[in-house]
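> Sharing a structure here in structure tokens format.
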Amino acid sequence: MTQAPSDATTIRLEIARYRPEQDERPVLERYDVPYRHEWVVLDALNYLKDHIDGTLSYRWSCRMGICGSCGMMVNGVPKLTCSAFLRDYLPGPIRVEPMANFPVERDLVTVLDDFMEKFQAVKPWIIRDGEQPLEEGEYRQTPAQLADFKQFSMCINCMLCYAACPVYQHEDEFLGPAVLALAQRYNHDSRDQGKGERQELIWSDEGIWDCTFVGECSAVCPKHVDPAGAIQQAKVESTVGWYRSFLAPFGRG
Amino acid sequence: MRRSNEPLFWSLFSAGGVVTALLVPALILVTGFLVPAERVEFGRLEAILSHPVGRLALFGVASLTFIHAAHRLRHVLVDMGLRRFRGPIAVAAYLAAIGGAAWAATVAFA
Ligand code: SF4
Ligand code: FES
């Protein structure tokens, strides 16, 4: 929705600052920055860092919703700050805080180790028992086979879904939305043969089963990955596998 | 890492969700409105529900609804912060559901 340019000339930011050498806990500090109709929250942060306080720390890179590094809480909602327009928050103030549910390293920078570990744990790459010989050509896929996982492959690892997930908030072990969507992305790829290797973790109590289908992950996802849908899909598959293991205890679940 | 047994509970929960959503409004409509308004004859309803298939269906709806409610209550309580009691909560919730199902059986098959 485009609004008429506002006649605001400045807008107030309330930024969570945490400088471990001087702050015991994050504190909100207020800054007035110029208001421009076409500016996003990240532009305002860059202005603040360039002209008002060069010590402010935050992550960003692409400025176009692709790198996934600029996620923060904007007025309490996980957002890519490069895609959140100031004009949608008029007249302000705009509260900018580090992504919820992650430890804070400094100011708006969070510690991502937990996500990175879980990310690798689901083996997010194509696993094959063996490569087919070169003369057989490439691994071809039909449009239907592509459609089966394409949406899950759009994830940019921005972790907004983790910041939105009330289960991840109190279950440290929970693999979480993006990682489980990523697992589905490979499990549903017709070229992949690694489902069995991923299942052990995903079908365990720490895998999908903490999810209570709150759905906030899909609501905040800037790429419409629908991680909540991916987890529901995995639950159905796990349930089928569970019943099947009684019918054929020695078969592959 | 042990495979979770949650699929058992989750599948019953899902089945309960489906029958609750589909059949309970219909049952309320029939027993709460259509029969009292004499749009449906009580005798016909009674005949359907005393047929063995009708009894079984009634038992199915009631018991799955109890399990659905128990599972939901269990997760809501844990999510609301009673994590330390998750074991006892699960046992209590499912025991209550089994009790409810047993009661439904005595009513349906009496
Ligand atoms: S699933 Fe969506 S919200 Fe989560 S990390 Fe990927 S792109 Fe971001
Ligand atoms: S800066 Fe890359 S997604 Fe925002």
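> What longest region of chain A stays clear of GluC sites (Glu not before Pro) that DSSP places outside H, G, I, E and B and that have at most 15 other Cβ atoms within 10 Å?
Between exposed loop sites, the widest span is A:39-130.
> Mind checking the stretch B:26-110 for trypsin sites (Lys or Arg not before Pro) that DSSP puts in a loop (not H, G, I, E or B) and that have at most 11 other Cβ atoms within 10 Å?
Loop-located and lightly packed - B:39.
> What net charge do the residues around residue A:228 carry, taking every other residue with its C-beta under 14 Å from that of residue A:228, with Lys and Arg at +1 and Asp and Glu at -1?
-1
> Got the relative contact order for the stretch B:12-109 handy, in percent, Cα pairs under 8 Å and 6 or more residues apart?
The value is 36 percent.
> So, one more: Label-point separation (nm) for residue A:105 and residue B:5, each offset 7 Å from Cα along Cα-to-Cβ?
4.3 nm
> Grab the eigenvalues of the alpha-carbon gyration tensor for the stretch A:1-76, scale each by 5, take roots, and send me the semi-axes largest first in whole angstrom.
For the stretch A:1-76, the ellipsoid semi-axes come out as 23, 16, 12 Å.
> I would also like to ask the following. Taking 20 Å² as the minimum loss, tell me which residues in the stretch B:1-45 lose that much accessible area going from the chain by itself to the full protein complex (1.4 Å probe).
Going by heavy-atom accessible area, the residues of the stretch B:1-45 that drop by at least 20 Å² are B:1, B:2, B:3, B:4, B:5, B:6, B:7, B:8, B:10, B:11.
> Normalised by the residues of the stretch A:14-77, what does the relative contact order come to in percent, with Cα pairs under 8 Å and at least six apart?
19 percent
> If you don't mind, another one. Report, in whole Å, the centroid distance computed from the Cα atoms of the stretch A:140-212 and the stretch B:68-110.
The stretch A:140-212 and the stretch B:68-110 have Cα centres spaced 29 Å from each other.
> For residue A:204, enumerate residues with amide H under 5 Å from its amide H, sequence gap 5+ or separate chain, H modeled in the peptide plane.
For residue A:204, whose amide H was placed from the backbone, the distant partners under 5 Å are B:4.
> Where does the charge balance sit around residue A:89 when Lys and Arg score +1, Asp and Glu -1, over other residues with C-beta under 12 Å from its C-beta?
+2
> Compute the long axis of helix A:227-247 from its Cα atoms, compare it with the longest principal axis of the Cα atoms of chain A, and write down the angle in degrees, 0 to 90, nearest 10.
Once rounded, one gets 20 degrees.
> For the stretch B:54-73, list residues with backbone N below 18 Å from a point placed 7 Å from the Cα of residue B:24 toward its Cβ?
It comes to B:57-73, nothing else.
> Then there is this: Evaluate peptide A:201-210: per residue, the Cβ atoms of other protein chains within 10 Å of its Cβ; return the mean as an integer.
Going residue by residue through A:201-210 and averaging, the value is 4.
> On to the next question. Which loop trypsin sites (Lys or Arg not before Pro) in the stretch A:75-176, with loop taken from DSSP, have no more than 15 other Cβ atoms within 10 angstrom of their Cβ?
In loop regions of the stretch A:75-176 (DSSP not H, G, I, E or B), the sparsely surrounded trypsin sites (Lys or Arg not before Pro) are A:128, A:140.
> Enumerate the lysines that residue A:49 could reach by cross-link, defined here as Cα to Cα under 22 Å, with residues fewer than 8 away along the same chain left out.
Qualifying lysines at Cα under 22 Å: A:79.
> Whats the longest run of chain A with zero chymotrypsin sites (Phe, Trp or Tyr not before Pro) that are DSSP loop and have at most 16 other Cβ atoms within 10 Å?
Result, exposed sites excluded: A:1-124.
> If you take the C-alpha gyration tensor of the stretch A:141-209, multiply each eigenvalue by 5 and take the square root, what semi-axes do you get, largest first, in whole Å?
24, 16, 7
> Normalised by the empirical 2.2 N^0.38 Å for globular proteins, what value does the Cα Rg of the stretch A:113-252 take?
With N residues counted in the stretch A:113-252, Rg over 2.2 N^0.38 Å equals 1.09.
> Still on this structure, please answer the following. Skipping prolines and chain starts, which residues have an amide H placed within reach, meaning under 5 Å, of the one on residue A:190, given they are 5 or more residues away or on another chain?
Residues meeting the criterion, in which the H sits 1.01 Å from N, do not exist here.
> Could you name the lysines in cross-link range of residue A:118, using Cα to Cα under 17 Å and dropping any fewer than eight places away on the same chain?
Leaving aside lysines fewer than 8 places away in the same chain, those within reach of residue A:118 are A:195.
> So if I restrict to the alpha-carbon atoms in the protein assembly as shown, what is the Rg, and what is Dmax, the biggest pairwise distance, in Å?
26.3, 83
> Take the alpha carbon gyration tensor of chain B, find the square roots of its eigenvalues, order them as a ≥ b ≥ c, and report rounded if a/c is under 1.5; if not, report prolate when a/b exceeds b/c, else oblate.
prolate
The values are calculated or read from the model by the stated rules, or taken from the named source; none is laboratory data. This is a predicted model, so every value here is computed, not measured. Reconstructed Cβ throughout: ideal geometry from the backbone, glycine too, with neighbour counts over all protein chains shown. To get the accessible areas, we keep the full protein, side chains included, count just its heavy atoms, and leave off ligands, DNA and RNA. Shrake-Rupley method; radii C 1.70, N 1.55, O 1.52, S 1.80 Å.
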